[in-house]
Amino acid sequence: MPELPEVETTLRGIQPFIENQTIEQLTIRVLRLRWPVPKKDLQKLIGCRVNQVKRRGKYLLLFTDLGTIILHLGMSGRLRILDSPVIASKHDHIDIVFNNQCILRFTDPRRFGALLWTNEPNPLSHPLLKDLGVEPLSRYFTPRFLQRRLHNKRLAIKSAMMDQHIVVGVGNIYITEALFAARIHPVTSANNLSLAQLTQLVSAIKTILRQAIKKGGTTLKDFLNTQGKPGYFSQTLKVYGRAGLPCLNCQKILKSIRIGQRGTIYCSYCQLIT
DNA sequence: AAACCTCCCTGGGGGC
DNA sequence: TGCCCCCAGGGAGGTT
């Protein structure tokens, strides 16, 4: 499930191959992703240059002369760089061929991912992007910022931190790990955390995301980077996917509950409600 | 009005 | 082999 580290890994993987390259050809095999693929807009891009590739939250942005492609990997989406044409298989939905002969291939079995188009001068004003929260690895993500954004929120801290309108890029895996590291029980009301706890949480999120990026993300089942290699952060996970196994701090059995439809693992001894 | 809860899209994988 | 259920990101739309 691509969260910030997997999307960042993907960005770094495609950037050197497609930035400043011209689009020679587009193959769109499937139109039905999360939203319809804007085929007509994309077809205008032949002969157009990708000037820059950027990440905003879990979205990737491909800036061209005519406008911007907005990509989201959903939960099973993946981008690959091919250096020669390879026969497409069932879930290979879109190929973008560049003048350096590289092919950017978008694959997504579940089709929860999206490929959208905007010709706004500032693509960040797109409806899906305009209300996104702060980047967790930026200097704007601080305990004070969180305190301000959470003071009127009574929902579980875990749900609040997965709300992309508060902070972007943090999904189920990394918030589970960060709450364990910060010793905060995931159901704690967001507005009940002390500034000291928020400090622990902010610090844990930054540390864990940076470590995960360094290891190329987390591969549980299917995440592979743009060269087809897995990420190695899975080996570092302390709680996610370990329900029923001993806590690595206290050896008590890790518990599993559901918060906002999401599986949640925690240690009822190490992580306390306040 | 804002907060927040539930549903839904999809297909791979696990259990039986 | 096959069937059923579970899981997931996050927007849509409903309720409080």
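Using only the alpha-carbon atoms, what does chain A span along each of its principal axes? Please give whole angstrom values in decreasing order.
58, 36, 29
Be a star and scan segment A:170-210 for residues whose amide nitrogen sits under 18 Å from the point 7 Å along the Cα-to-Cβ vector of A:Gln15.
Hits in segment A:170-210 for A:Gln15 at 18 Å: A:209-210.
Among the lysines, which fall within straight-line cross-link reach of A:Lys40, defined as a Cα-Cα distance under 27 Å, with same-chain neighbours fewer than 8 residues apart omitted?
A:Lys54, A:Lys58, A:Lys90, A:Lys130
Based on alpha-carbon centroids, what's the gap between segment A:94-158 and segment A:1-62 in Å, whole number please?
About 13 Å separates the Cα centre of segment A:94-158 from the one of segment A:1-62.
Once phi is turned into ³J(HN,Hα) by the Karplus curve 6.51 cos²θ - 1.76 cosθ + 1.60 with θ = phi - 60°, what whole-Hz value does each residue of segment A:74-87 show in order, with x for glycine and proline?
Karplus values, whole Hz, x for Gly and Pro: x, 10, 10, x, 8, 10, 9, 9, 9, 9, 7, x, 10, 3.
Sum up the charges of everything whose Cβ sits under 13 Å from the Cβ of A:Ser268, counting Lys and Arg as +1 and Asp and Glu as -1, but leave A:Ser268 out.
Summing Lys/Arg as +1 and Asp/Glu as -1 gives +3.
Over the alpha-carbon set of segment A:65-178, divide Rg by the Kirkwood Rh and report the Rg/Rh ratio to two decimals.
Rg divided by Rh gives 1.06.
With each pseudo-label sitting 7 Å past Cα toward Cβ, what's the A:Gln25-A:Gln52 distance in nm, one decimal?
Taking the two extended label points, one gets 3.1 nm.
Residue by residue through segment A:155-164, what is 3J(HN,Hα) from phi via Karplus (6.51 cos²θ - 1.76 cosθ + 1.60, θ = phi - 60°)? Round to whole Hz and write x for glycine and proline.
These are the phi-based 3J(HN,Hα) values: 6, 4, 4, 4, 5, 4, 6, 8, 6, 5 Hz.
For segment A:1-140, take the alpha-carbon Rg, divide it by the Kirkwood Rh, and send me Rg/Rh.
0.93
Kirkwood hydrodynamic radius, computed over distinct alpha-carbon pairs, for segment A:143-266: how many Å, to one decimal?
Every distinct Cα pair counted, the radius reaches 15.0 Å.
How much net charge surrounds A:Ala88 when only other residues with a Cβ under 10 Å from its Cβ are counted (Lys, Arg +1; Asp, Glu -1)?
Net charge in that neighbourhood comes out at +1.
Where a number appears in this text, it was derived from the coordinates with a stated rule and is not lab data. In this text the structure is predicted, and so the values were computed from the model without any measurement. Here the Cβ is made from the backbone with ideal geometry for all residues, glycine too, and neighbour counts use every protein chain on show.
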